[in-house]
Each structure stands twice: as C-alpha cells, then as structure tokens.
Amino acid sequence: MPGFFRALKHLPARVIFPSVSARAYDGCAILCGKLAQAAATSATAASPCSSSFGPRAPQLPEKGIRMPFVSRCGLAVLLAILWCPRTTLAQFTDPTPQELEMKSDPKAPDENAVYLYREDVTDQPKGTRTFYERIKVLTEKGKEMATLRFSYVPGWYKVDVEARTIHPDGTIVPLTEKPADLVDVKTRYFQLNTLTFTLPSVEVGSILEYRVTEKHSSVIGDPTWMIQQDHFVRKAHYVFRRNIYFMGPSYIARLGPNAKIVDDKKGTYTLDLEDVPPLPKEDWMPPLNTLKWRVSFFFTEFKTGQAYWDQAGQDWAKFVRDFTKPTGTLKKAIEQIVAPGDNETQKAEKIYAAVMKLENTDFTRRKSHAERKKEKIKDIHNAQDVWKAQQGTGDEIALLFVALCRAADLNVEPMKVVDRTQAIFDESLLNDEQMDDYIAVGHLDGKEVFFDPGERMCPFGMLHWKHSLAAGFRLSEKSAVIARTPSVNYKVSAVHRIADLTVDESGAVTGNIRVSLSGQDALNWRQVALENDPDEVKKQFNEWIEGNLPEGVQGELDHFLGLDQYDVNLLAVVKVSGSLGTTTGKRFFLPGQFFQSKAKHPFVAEEKRAIPVDVHYAHGEQDDVTYQIPAGYQVESGPKTDKISWPDHAVFANSTANSTGGQAGQVNVVRNLLYNYTIVGPQDYGSLRDFYVKVAEADQQPLVLTRATAAAARTSSDSAPGKSP
C-alpha cells in the first residue's frame, strides 16, 4: 500500500485530477497524501489524524497544525466519473489541412507528440470544470498518448467524456468503448478508482481529441492550472470564473516571459499562452514543483505569507510540545534505558536503539481500528501511547524519540521537513501540509546532531538523504522557524567493491566479489529487505550487480552479512562466472575497469543544462579488482595511473599494479571516485561535465595482455603497466 501512494504522487501530468486547489504542491502531491492518509487510517475514525502529517498518516490528534482557509473550503477536489457517452461529438474542432499533413513541429523537432491546443475552464457558478485537448501524434512512441487515466473517488459527482481519433486523411473514429473502471484501494470507509481508456484506431499522424466535463452538485474547488506538460504545447487557454459571493482568491503564478493572467475585476481570470516548452527531460533532476510553470488559486484568511507561517509555526510548536511531553511513564522507561554515568551522546544512542526496536508501521501492515480494539491497543494521542503500544508510524516513533530524550534531560527537538524525493519546500505556497516527515535535532556534548528515527534501519546520527537539504519547521524558544537540514557528508556513504577473478586462456572467468556498503547505500538495501521477502531481495540485488558487471559475466548473490543491523556496514558476497575479454592475434583484452565497462557516465552526453543537478547525496566509490591472468601471458598495458580533480567538489584516482603479492600472474586495478556535492546549479554545469568526461575517458582504458616469451616472462614482474616489456 505505501508503494502505491508513493507512485501516485508521480503520476504523469496527463493523469488528471480535476479541481485540485493550491493545497496540492507539485500538482496533486498533498492531495495524494491525503488519499494515502484516508486509506491507511480508514478504520481509525475514533482517533482522527492531524491533516499535516503527509502521506504516511500517523495517528496523531487533530489539534496541532492550523489549516489555512483554503484547506477548510476546498476538500471536494477529486471527481467521481460516470461513463456518459454521447451520440454526437459536439463542439469539437475541425482540423486544418496543415494539422492533418503535419509530420513534425519545427519548434519542437524532437517531440514524439505535441499539443495543438489545451484548455482548462473552471466555472464555479455553474459547478463545472472542463478539460479539452487536441494532440498530434508524430512517432510510434507518440501513440502512447492515446491512453488516458483518471484517478477518482467514486460517487462525488458526474463527468461527461467525449473523445475521437482523426486520421491524417480526415477519417473520424469516435470512442464508443466503455472505459475500464479499476478499484485501486477499497476499505470500509474509502475507495480509490482509476478509469482508463484508449482512443481508437490511433496511427502516426493521427490527431487525438477529447473533452472531460465535470458536473458538481456542490461547491467546486479552486483550480490549479498545470501549464507545462511532458510535450510541447502550441496554444493553451485557461479560465477561472469564481463565485462572486466569495472574496477574491489569491494565486501563485510561475510562468514564462510575457505570460499574464487577466483579471476582469468581475470574477473571471484568464490566461492565454503559445509555445509552452515541455518539462525538462534531463538526468538527475530535482523535484520540479518550484520550477515548472503553473498557477494555483486559493483563499486564505492571512494578509501576508509571513503572517500565515508565523501562525502555523505557533500551532505546530504547541502540538509537538504537547505530544512529546515527558510523562512519568516515559521517565520510568528512561531509567531502564540509560545509565547514570552515560554522557549525552551515549544516552541518545541508547534511546535511539530502543525506539529502533519498535514496530515501524510504515514498513509493516498497519492494524485496523477493529484489530486494535480486539487486541486492546489504544489509539495514539501522544508519545506515551506510542511507547505503550510498542509500535507506531515513522512520524510517531520520531516524536517518541524526542519525548524520551526530553525525559532524559537531553536537548533534542523535533523538526518536520519536506520529503526531497517528492518536492522542494515552497514558501510562497501557504500550506504547511507540504511538510511530510519528522526528524530530530540534538545538541549533545557541544555538537549539533541530526537524527532520523522514523526511518527504519537508519544509522544513529544520520539522515535519510531525502531529509537532507530539506526545509521545514524547526522548534524555536517560543514558536517554530523555517530551517534547512544539512547535506550528507561524502564520508558517510560509500560502496567498496572487491573482486578476485581468475581468467583462463579462453576468456572464461570465475571468482567472487565482496561488496561493502555504508550509509545511504546500506540503508537502501536494508529497507528493501524490510518490504520484500528474501527471494525478491536477492532478485533485486542480482539485477543491481548485473548492471555493474561486463557483458557476458553473471553475478549471483550468495549471502548478506549485517542485513538486519543498522549500525554496521552491510556486506554482500557475490559469486561470479561467465566469459570475459576478447582476443586479437597474440593479444588478450580485458576491461581495465571491471565494474565500469557497462557504466553510463552521467552528464557526458548532455552539453548544456537548464535546471540544477541533484545527485541525491555525496558519495564515495572504491573498486579493487585483482585478475589472476592465464599462464604464459603478461601485461602489455593497462589503465594509466591518473588523478582527476574538480576542486572542492570531486576527485577521481586510479592505479594499476602488476605482480601484486609477488605473483607474476596477478594484476591489481584500483579505482576511487569521491564526490562531495549534492546539488549543482546550471552555472556550474560546465565544470561538472568536464570532470565526468575525463572520468569516462579514464574508465575506457583496457587491460591488454600479450603472450610472454620465456625471457619476458621471467622479468614480467618488473614491467610497469602502460609500457611494453
């Protein structure tokens, strides 16, 4: 279930969520979080949850975060779609000869499809919202645009759907088939469906045309116009006619140059655009919620953004102080956890270990209200309840950690941040529901330390990377302030691959690999193991290791060491077999960098960059490969000893040594890559790319063996790599 809602946040722009208000950062992320909350807690009506705890929906009392006015007025934001086919296709647009003959768009030459026209009209007085699109299919891949998906909550209001396909010769094929209506989530109190259909008879050159009209029986919410799409838009038209008996809305607009929202002062807002560029399709992109073009309308009771955040911070601060109050039960628990002689760090480490033992329901099935009642498990209202239940969501466990630290007289405070896999904090969006997850910040023995106790298997004193460089509420003396977490240090996370390989004269290779993982890399696999059975974990790891091996070589995971321990390095032992290397006459070619032969070096093919690069976290890699080469062969050349530096950001170094350990038939190749950056702006992209181009060139150097003469064989151990003997 959690995976479904994480995926739901990343639905493409063409998956339509009509009438979504500005509550939803990045389109519908918050809305999907609310759906996740409704599904996860559908049977816990007796313990209402705070609306601002995001997708994981902890069972926390609704007494904390103050909802802005928009949150109280715009709750009916998804559609219940009923199939209402029409016998005629009224108000569709006749294509021009140029549109029918069109084979490409000179303004978007690489596009598989383009939007000829997009329209989004919200009419609050009539209670309708209409989406209308005309799409030109330019390639075989562009035919994928013919499939549309609508996620909705059944029973809220009606929708008419009209659609047709127009062939290049002008033939019209209307949609007559009833869409598939699939139930994604169904509980006693909640249901989420997906309606899907594919326009008929689509071919390259077709024009796809459809209109979806919502008909609301109650108040329709304020719209969010998602301007940029995955494909180029030739023309677009947006309209919002508001109910005039409400006060005028505020809105957030991120638009290109010369774009202007027209307010007629009578309750209607319009926006007309031409040549809207597609969303970026670059490697290693950050979340685009603060970058993509959009307009979000909303009502708020606050006159300024600062006034909103001040009030929301005060409400949040009161809530977390109440929730983390160090009760007598928690103080008694502390007596069993820490020792009188422990220093502050030792106390915090023992408390951290204690909460890590609790069941984290973010990684297990959360019990229903009926199950909790049968087992006499009380609903969660504060940290003491979490401790008594010995289970909770990640957010509840994080707040319990804070409460226990407070009971031990430690200076540890909560912080609530945006999940950086989903979004970047947007201060202009007046909604505290942007913030997803709780972490903790401590001042221990004179040092500031960040903790992530809500992330199962996260080491003490480390944040999951999605909570690094993330903004959110941090407790201050009287209220809360907006603060940002630090980046991940490159020394924390590393992958160290050690291979011992034997290659015979035919190229057959056998051996083993030991993969040591620390920090973020170890955390990833430990959390994969929490959510999957051992066979699935092995399958996924084998797929990952295969991407690190040359063509023709297979790796099979033998076993893990430390998979169930968060405070040690994770070790994976892999058995290797297959065929390696090629022969040309008297020469035998092996990959100089065994683990990089299939590597797709990032940024090399991308000369320019429009948006920042986000590599998630600083990181270190070390490869140590020992080849046992066939008898009668010696090293003619190998990867040159080299060092490449991008000052203050990254460094690469490699070396090749012949006759390691005094054995004439052994070659050792070592490669190190360290990068101590996370986000790089477009202005520095040239330096970043230059570094990776040089690394790619160094990784392409082969290890060349040649048959040795008797005399050469006796002196091969004295030969330097890169020189002919």
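Some observations on this one:
- Segment 261-402 - Rg over Rh from alpha carbon coordinates, Kirkwood radius: 1.17
- Using R0 = 56 Å, the C-beta based FRET efficiency linking residue 310 and residue 631 works out to 0.15.
- Judged by the mean number of other Cβ atoms found within 10 Å, the most tightly packed of the peptides 562-571, 506-515, 288-297, 528-537 leads the ranking 288-297, 506-515, 562-571, 528-537.
- For the pair residue 346 and residue 693, the difference between a 0.36 nm per residue extended length and the Cα-Cα distance amounts to 120.4 nm.
- In range of the label at residue 284: residues from segment 611-645 whose backbone nitrogen is under 20 Å from the point 7 Å along Cα→Cβ: 611-623, 643-645
- Using R0 = 30 Å, the C-beta based FRET efficiency linking residue 645 and residue 551 works out to 0.45.
- Segment 110-202 has equivalent-ellipsoid semi-axes of 28, 18, 13 Å, by the square roots of 5 times the alpha carbon gyration tensor eigenvalues, sorted largest first.
- Between residue 181 and residue 482, the modelled label-to-label distance comes to 4.3 nm, taking each label 7 Å out from Cα in the direction of the beta carbon.
- By the equivalent-ellipsoid construction on the alpha carbon gyration tensor, segment 477-615 comes out with semi-axes of 36, 23, 12 Å, ordered largest to smallest.
- For segment 309-326, 3J(HN,Hα) computed residue by residue from phi via the Karplus equation (6.51, -1.76, 1.60; θ = phi - 60°) reads 5, 4, 5, 4, x, 5, 5, 5, 4, 4, 4, 5, 5, 5, 5, 9, 4, x Hz, glycine and proline entered as x.
- Anchor residue 600: lysines whose Cα lies under 16 Å away (excluding residues fewer than 8 positions away in-chain): 694
- An ellipsoid equivalent to segment 383-506, defined through the eigenvalues of its Cα gyration tensor, has semi-axes of 33, 20, 15 Å when rounded to whole angstrom and sorted largest first.
- Carbon + sulfur, % of accessible area of segment 589-673 - ligands and nucleic acids excluded, 1.4 Å: 50
- Projected label points at residue 268 and residue 332, each 7 Å from Cα along the beta carbon direction, are separated by 6.9 nanometres.
- Extension gain, residue 577 back to residue 103 (0.36 nm per residue minus Cα-Cα distance, nm): 165.8 nm
- Packing-based order for 607-617, 626-636, using average beta carbon neighbours within 10 Å, highest first: 626-636, 607-617
- Gain upon complete extension [residue 359, residue 302; 0.36 nm per residue less C-alpha separation]: 16.5 nm
- Pairs from the list 331/357; 318/350; 281/466 with a Cα-Cα gap above 24 Å: 318/350.
- Accessible surface of segment 383-517, 1.4 Å probe: 46 percent of it comes from carbon and sulfur atoms.
- Peptides 214-226, 309-321 ranked from most to least packed by the mean count of surrounding Cβ atoms within 10 Å: 214-226, 309-321.
- Evaluated over segment 258-306, the Cα radius of gyration and Dmax, each in Å: 15.3, 45
- Cβ-based charge dipole, segment 495-643, positive-most Cα from 528, 570, 499: 499
- If R0 is 35 Å, the Cβ-Cβ spacing of residue 655 and residue 606 corresponds to a FRET efficiency of close to 0.75.
- Applied to segment 672-679, the Karplus parametrisation 6.51 cos²θ - 1.76 cosθ + 1.60 on θ = phi - 60° returns per-residue 3J(HN,Hα) values of 10, 9, 10, 9, 10, 9, 10, 10 Hz, with x for Gly and Pro.
The values are calculated or read from the model by the stated rules, or taken from the named source; none is laboratory data. On a predicted model such as this, the values are computed, not experimentally measured, just so you know. Cβ atoms come from the backbone with ideal geometry, glycine included; neighbour counts cover every protein chain shown. Just so you know, the surface numbers come from the protein's heavy atoms only, side chains and all, with ligands and any DNA or RNA stripped out. Shrake-Rupley method; radii C 1.70, N 1.55, O 1.52, S 1.80 Å.
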